[in-house]
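Every number here is computed from the coordinates shown, using simple stated rules; none is lab data. For clarity, every value in this text was computed on a predicted model and none was experimentally measured. Note: ideal-geometry Cβ built from the backbone for every residue, glycine included; neighbour counts use all protein chains shown.
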Amino acid sequence: MIIPVHKFGDILVSRPAGREHALIMRSSFRPEAANEPIELDLTGVRVVASWLDEVLTSLREEYGERVRCLPSANASLVESLKTLDAVRGQSEA
């Protein structure tokens, strides 16, 4: 299942909006199969910040490691994902 993130805007930065959008995603986008991947398509999104952390945390609480972001050519998004992965790795250690 692919979630088109641009539907939530092209500048996604706040934690409160991330929490709200994660709830919308969890109620509106339901995978058909128990093992179906949940892929966030960030095409059209210019900037993300803590919004993405809120969304990923919420979706992963329900769907685990099946949640991932599709590859992006946007350098800002790539760096944000690297930062989130690094912070997540530290918290699991």
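Each residue, ARG30 and ALA17, gets one label point 7 Å from its Cα in the Cβ direction; the gap between the two is 2.8 nm. Annotation: peptides 40-53, 58-71, ranked by per-residue average of other Cβ atoms within 10 Å with the highest first, follow the order 40-53, 58-71.
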